[in-house]
Amino acid sequence: MTSTMTKHVYWLMGIILIACACKSTPQQEAEGKVYQVDLQKKVNPFKEIFSKAEIIPLETVDNGLIVYCKKIYPVGNSWYIHDDWSQNLFAFSQAGKYEFQVGRKGQGPGEYLNLYDCIIDSASNEISVLESYGRVLQYDLTGKHKNTFELPARPNYYSIEALSHDCLVTWSALEASDNSVLVLNKENGETLNAYWKDDRMFNQQQMSPFYSYDGKTYFGVSLRQQVYEVRKDTLALAYVWDFGKDNISEERLKFYLDIEHPSERNNKILNDMGTPLLPFTIEEQKQNHQYCYVSLRLEMGVRPDLTHVFYDKKKKKALVFDHLDGKECKMNQPLYFGENYLLTDVLYDDREKFKSILPESEYQKLKSMLEDDNPCLLKLYFKKG
């Protein structure tokens, strides 16, 4: 065995031993894969990852205004778009035409106080909306209300994901004495299991820790490089990101945990972000048949600079980039990550930066965009691998 291989074996063993011994990390059942990434080795994404780009303007109507897209869910011929600013869910055609709003904000029957997260199950034609105060409202794909149930009492709920045809999983940012992940009955909110005890200042760095792929649900948080498969009976280690010298060290995490006051601990984490002490925090994770994806946040802010990592599972090769054109064209967080393409958004102030990656006919769609218009979607097609 080479010295490099030996180092990575010991590194993974160390992570697993720490995870099993530390009271703040859940028990694991399986030893996961290791995805090795050199963050300093950047690629041209239009040479290595994407084949072409398209622009889809979203129709601007008074009852369908979008400020900050959080997620997009393609279902049939529609895109369901969650606007995080207004906390509404809108349906648009895949050509960008406004269709309708799902539910309404309010306190009446079938109305929600806020829409913090949602999931769409196309198999059962059902939309589940999560309120941060602890309710789930269910609608059909036309936006008609079907059911409402209360969740177990908790200070907050931030994220929801489907676990199976009859189970949901939710995420809360709680103290280390409480489990932040709940497995719930989909029909009535009954608690079936609970996992993940970690420091609240660590937990609150990540508001969307789940994603689903190939019938499985995965979970990962901002300050830890392990990703788990969520099961009804356990969290099982699925894979680990190894960024070499840029790894978030366990020693540094322990340093934060030793800071007594939570506000001081949180401020220290924020101040260290993007420095050698804390090179990044993990923003989002996704997966398709070809790639395992992670975005790394380098600074705070609503639209932070991101480093995008696409790990090619077939070639066992990491593809890393900061800009779509190698200069100033930054890709925002993927709002949808599918088998053939991903979707992200383009804001009015950034539209000129995309000229270098778009055909002239597509760029003209951005040029005609007005300041008060809904954002445009950027559709990036994956190369056939």
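What does the net charge come to around residue 87 if you take all other residues with beta carbon closer than 11 Å to its beta carbon, with K and R at +1 and D and E at -1? Value of the local net charge: -2. Taken about its Cα centre, the chain carries a charge dipole of about 1160 debye when Lys and Arg each add +1 at the Cβ and Asp and Glu each add -1 at the Cβ. One quarter of the convex hull surface built on the alpha carbon atoms of segment 234-385 amounts to 12.1 nm², the projected area averaged over directions.
With a 1.4 Å probe and every protein chain kept in, tell me what percent of the accessible surface of the chain is carbon plus sulfur. Carbon and sulfur together cover 48 percent of it. When all alpha carbon pairs of the chain are counted in 10 Å bins from zero, the resulting P(r) reads 5, 22, 32, 27, 12, 2, 0 %. Taking label positions 7 Å along the Cα-Cβ direction at both residue 275 and residue 156, the computed distance is 2.4 nm, reported to one decimal. Sequence-ordered 3J(HN,Hα) estimates for segment 165-180 from the Karplus curve with 6.51, -1.76 and 1.60 and θ = phi - 60° stand at 5, 10, 10, 10, 10, 10, 10, 9, 9, 10, 5, 5, 7, 10, 7, 8 Hz, glycine and proline given as x. Per the Kirkwood formula applied to alpha carbons, segment 116-271 shows a radius of gyration over Rh ratio, Rg over Rh, of 1.00.
For segment 203-274, the extents of the C-alpha atoms along the principal axes are 40, 27, 19 Å, listed from largest to smallest.
Tell me the relative contact order for the chain as a rounded percent, counting alpha carbon contacts under 8 Å between residues six or more apart. Value for the chain: 17 percent. From helices alone, the chain scores -4000 deg cm²/dmol at 222 nm; the rule is -39500 (n - 2.57) for each run of n ≥ 4 DSSP H residues, then divide by the residue total. Comparing 297, 252, 351 in a Gaussian network model of the chain (Cα springs below 10 Å), the most mobile by mean-square fluctuation is 252.
Computed about the Cα centre, the dipole magnitude for segment 57-175 is approximately 140 debye when only Lys and Arg (+1) and Asp and Glu (-1) carry charge, each at its Cβ.
Accessible area per residue for the chain is 46 Å², calculated with a 1.4 Å probe on protein heavy atoms, without ligands, DNA or RNA. A straight line joining the Cα centroids of segment 212-242 and segment 51-114 runs 28 Å.
The spacing between segment 340-368 and segment 160-188, judged by their C-alpha centroids, is 37 Å. Restricting attention to the chain, close to 90% of DSSP beta bridges with both partner residues there are antiparallel. For residue 146, what charge total do you get from the other residues with a beta carbon under 15 Å from its beta carbon, if Lys and Arg give +1 and Asp and Glu give -1? Combined, the nearby Lys, Arg, Asp and Glu give -1.
What does the net charge come to around residue 194 if you take all other residues with beta carbon closer than 11 Å to its beta carbon, with K and R at +1 and D and E at -1? That works out to +1.
The values are calculated or read from the model by the stated rules, or taken from the named source; none is laboratory data. On a predicted model such as this, the values are computed, not experimentally measured, just so you know. No Cβ is skipped: glycine too gets one built from the backbone with ideal geometry, and neighbour counts run over all protein chains shown. Just so you know, the surface numbers come from the protein's heavy atoms only, side chains and all, with ligands and any DNA or RNA stripped out. Shrake-Rupley method; radii C 1.70, N 1.55, O 1.52, S 1.80 Å.
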